[in-house]
Structures are given as structure tokens and as C-alpha cells.
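Okay, structure first, notes after.
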Amino acid sequence: MGGNGKLFSERSAHLGKVISDIKFIGNQNTSKDDILSFIEMRKGMVLTEKLLNNDLKALFATGYFYNIDIKADTSPTGVIVIFELKERPRVEEIEFVGADEVFPSDLRDKMPIKENEVITPEKVNTTREVILKKYRDEGFFHAYVKFEMGKINPKTNLVKVKFIIDEGDEIPVSKINIIGTKAIDPGEIMGFLDLKEAGLIESGHFKEASFESEKQKIVGYLKSKGYLDADIVPEGTNWEIRWENAKRKDKRVIIVNYKIKEGDVYYFNGYEAKHDY
């Protein structure tokens with residue numbers, strides 16, 4: 001954080017004076033008008049310590065700058081406030097390496113790092129999490145994401161960034177357990193699920209997004225059969241990664257559990273309810 005400039009070391013000589021001008025030095029990609037929109041300070045105002053501190057905090061809060069020094073020069077009509085700024089670099093280009101199973105276009109919209117915007121360590125970490133979550137949703141639980149940043153162009157303060165992705169292998173579903181059914185045959189439910197157990201015909205690759213959507217599908221089916229109070233029981237509905245063979249530990253598989261509360265079946269005019277929910 002800044003604060004080593006003349007204004008801070010000799011603030012008593014400048015506070016209480018009228019601001020005759022405001023200048024910004026070091027801003028390459030952030031315009032003067034944009035910076036002014038972040039702060040309260042304006043020409044003609046009286047310079048106060050509160051105004052100074054609030055504007056300093058406001059500029060740091062934008063995330064655009066990693067260092068700010070505030071200095072001052074006296075003028076015949078008051079004081080000239082000078083902000084010496086060191087901008088964070090902006091992203092010139094984003095490259096994905098190794099993204100074969102997931103399209104980069106599916107990632108860009110949700111990533112906090114975007115082209116022509118400021119890059120921060122927080123944005124990098126969040127972007128890695130977004131990418132990893134996407135791969136988890138698609139069943140790639142062994143995916144790994146490495147971030148690389150190129151050299152900053154000193155003339156433009158722009159930088160090219162790269163996300164190198166090791167997708168790892170998809171993990172198959174070895175078993176789907178339908179727990180808690182009494183009147184409904186678990187086979188009925190298994191028949192319409194998108195998730196399938198791996199076998200000779202089905203690849204059975206697990207997708208976390210499918211696991212979540214299946215819950216609504218199961219409840220909707222049960223309600224259509226007249227079980228209007230049907231629901232998924234959170235305790236007991238889950239998935240877990242195991243070794244296919246605990247002794248050899250050569251292959252990971254996933255066990256999926258759906259625990260169901262059927263409730264009572266409702267009848268209308270002597271017929272089971274057949275409504276879609």
C-alpha cells in the first residue's frame with residue numbers, strides 16, 4: 001500500500017487546503033475518467049484526512065492497482081493531489097492446453113479471468129476452481145489444472161495467460177443402489193436414469209451434474225405414480241469413490257446411492273394419481 005509520498009509525510013502542510021487539481025501517473029489501461037469515478041475527491045473540495053483515506057481504500061478495492069502513492073504540490077490556488085499508480089496487468093489472451101473433453105467455450109463464461117480485464121491471484125485461484133468443478137461435473141475427478149503467466153508487455157501492461165489441463169481418466173459407476181422403496185420396483189427407477197452402471201454395453205461414466213439432476217427425476221416419477229409426498233432423503237443419498245479391488249488398488253470406481261421416501265399413494269375417484277410434477 002502506498003503512503004510514502006510527500007503528502008503523507010507532510011500532510012499537515014496540505015490538509016485543509018482547496019484541491020486545485022488532481023493528477024494520475026502510471027495508469028496505462030485505466031482512464032482518468034474511470035479512476036475519478038472510483039473516488040470522491042474533486043477539484044474545489046477541501047482536502048481532508050477522511051477524504052484522502054476513503055479514496056485510497058476505494059482505489060485499492062477496485063483491484064486494479066497493487067501499489068498507490070499519493071503526493072502533493074502546492075499551487076497559487078491550493079494543492080495539487082497526485083496519485084502515483086502501479087496497475088495490475090490485464091489479460092491479453094487466454095489459452096487452454098489439454099482441454100480435449102471439455103470445450104474452452106464452456107469455461108470462459110463462468111471464469112472470473114477474462115480478456116482485457118485485470119488479473120489478480122484471487123481470480124487465478126477461483127478460475128482454477130471453476131475449471132476443476134466443470135471437470136468434476138463431467139466425471140473427471142483426477143483432473144489437474146496448472147496456471148502459467150507469460151511476460152508482461154511493459155508498453156501495454158498486457159499479459160498472455162495459459163491454463164494447462166491434465167484431464168485424467170473418467171471414473172465408471174460400478175453400482176447404483178436405490179434404497180427405501182417399498183411398492184415401487186427399483187428396476188423401474190434404474191430404467192430411466194441417465195447414470196448407468198458400467199458394463200459390456202454401457203460405459204457408465206459418472207457425472208456429478210447427472211447425479212444431481214437424477215434426484216428431481218426420481219421424485220417427479222414417484223409423484224406421477226401417486227406418491228405425492230415422495231422425496232429424496234439427503235442422509236443416505238450420495239456417491240463415493242472406491243477401489244474396484246481393495247487388494248490390488250488398480251482401478252477407481254464410484255458407488256451411487258439414492259435413498260427414497262415414498263410416502264403414501266393418493267387416489268382420485270378410485271384411480272391412482274397420474275400427474276406429472
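The values are calculated or read from the model by the stated rules, or taken from the named source; none is laboratory data. Being a predicted model, the structure only gives us computed values, none of them experimental. Using ideal geometry, Cβ is built from the backbone for each residue, glycine included, and neighbour counts are taken over all protein chains shown. Areas reflect the complete protein model, heavy atoms only, side chains present, ligands, DNA and RNA absent. Shrake-Rupley method; radii C 1.70, N 1.55, O 1.52, S 1.80 Å.
Leaving ligands, DNA and RNA out of it, report the carbon-plus-sulfur percent of the accessible area of the chain at a 1.4 Å probe.
Taking all protein chains in place, the chain shows 48 percent carbon and sulfur surface.
Between residue 117 and residue 74, what length comes free when the chain is fully extended (0.36 nm per residue of separation minus the Cα-Cα distance, one decimal in nm)?
11.9 nm
Just to confirm a number: summing +1 for Lys and Arg and -1 for Asp and Glu over residues other than residue 243 whose beta-carbon lies under 10 angstrom from that of residue 243, what do you get?
Summing Lys/Arg as +1 and Asp/Glu as -1 gives +4.
Taking the Cα centre of the chain as origin, sum charge times position over the Cβ atoms of Lys and Arg (+1) and Asp and Glu (-1), and report the length of that vector in debye to the nearest 20.
The dipole magnitude comes to about 1040 debye.
Can you tell me the 0 to 90 degree angle between the C-alpha axis of helix 49-61 and the longest principal axis of the chain, rounded to 10?
40
Which one of 142, 153, 184 is farthest out on the positive end of the charge dipole of region 106-195, using unit charges on Cβ (Lys, Arg +1; Asp, Glu -1) and the Cα centre as origin?
It is 153.
Quick one: accessible area per residue over region 14-60, 1.4 Å probe, rounded to a whole number of Å²?
Ligands and nucleic acids excluded, the result is 53 Å² per residue.
Using 0.36 nm per residue of separation minus the Cα-Cα distance, give me the extension gain between residue 23 and residue 148 in nm, one decimal.
Value of the extension gain: 41.5 nm.
Could you tell me which of 13, 58, 26 has its Cα farthest along the dipole of region 1-146 towards the positive end, charges placed at Cβ (Lys, Arg +1; Asp, Glu -1), taken about the Cα centre?
Working it through, the farthest residue towards the positive pole turns out to be 13.
With point charges of +1 on the Cβ of Lys and Arg and -1 on the Cβ of Asp and Glu, referenced to the Cα centre of region 130-273, which listed residue (165, 219, 238) lies farthest in the positive direction of the dipole?
The listed residue farthest towards the positive side: 165.
Taking K and R as +1 and D and E as -1, what net charge do the other residues with C-beta under 13 Å from the C-beta of residue 20 add up to?
+2
What is the magnitude of the charge dipole of region 14-76 about its Cα centre, with +1 placed on the Cβ of each Lys and Arg, -1 on the Cβ of each Asp and Glu, and no other charges, expressed in debye to the nearest 20?
Around 120 debye, computed over region 14-76.
In Å², what does the accessible area per residue of region 185-236 work out to with a 1.4 Å probe?
Per residue, region 185-236 has 51 Å² of solvent-accessible surface.
How much solvent-accessible surface does residue 119 expose, in Å² to the nearest 10, with a 1.4 Å probe and all protein chains in place?
About 10 Å², rounded to the nearest 10.
Report the local net charge at residue 65: Lys and Arg +1, Asp and Glu -1, summed over other residues whose C-beta lies under 9 Å from its C-beta.
Summing Lys/Arg as +1 and Asp/Glu as -1 gives +1.
For a test of the definition: using alpha carbon positions, the gyration tensor, and the 1.5 limit on a/c, classify region 87-199 as rounded, prolate or oblate.
Prolate, because a/c is 1.5 or more and a/b exceeds b/c.
From the backbone phi of region 92-108, what are the Karplus-calculated ³J(HN,Hα) couplings (6.51 cos²θ - 1.76 cosθ + 1.60, θ = phi - 60°) in whole Hz, Gly and Pro given as x?
8, 7, 10, 10, 10, 10, x, 7, 9, 8, 10, 6, x, 5, 6, 9, 4
Per residue of the chain, what 222 nm ellipticity follows from adding -39500 (n - 2.57) for every DSSP H run with n ≥ 4, rounded to the nearest 500?
That comes out to -7500 deg cm²/dmol.
To the nearest 20 Debye, how big is the dipole of region 75-233 about its Cα centre, given +1 on the beta carbon of each Lys and Arg and -1 on that of each Asp and Glu?
Dipole magnitude for region 75-233 comes out near 540 debye.
For the chain, find the longest principal axis of its Cα atoms and tell me its angle to the long axis of helix 121-137, 0 to 90°, nearest 10.
10
May I ask you to derive the relative contact order of the chain, considering only C-alpha pairs under 8 Å and at least 6 residues apart, and to give it as an integer percent?
14
Leaving ligands, DNA and RNA out of it, rank 24, 60 by accessible area with a 1.4 Å probe, largest first.
60, 24
When Rg is the radius of gyration of the Cα atoms in region 44-149 and Rh is its Kirkwood radius, what does Rg/Rh come to?
Reported Rg/Rh, Kirkwood definition of Rh: 1.21.
Taking H placed 1.01 Å from N in the peptide plane, check which residues at least 5 places from residue 65 or on another chain put their amide H under 5 Å from its amide H.
Placed amide hydrogens put 88 under 5 Å from residue 65.
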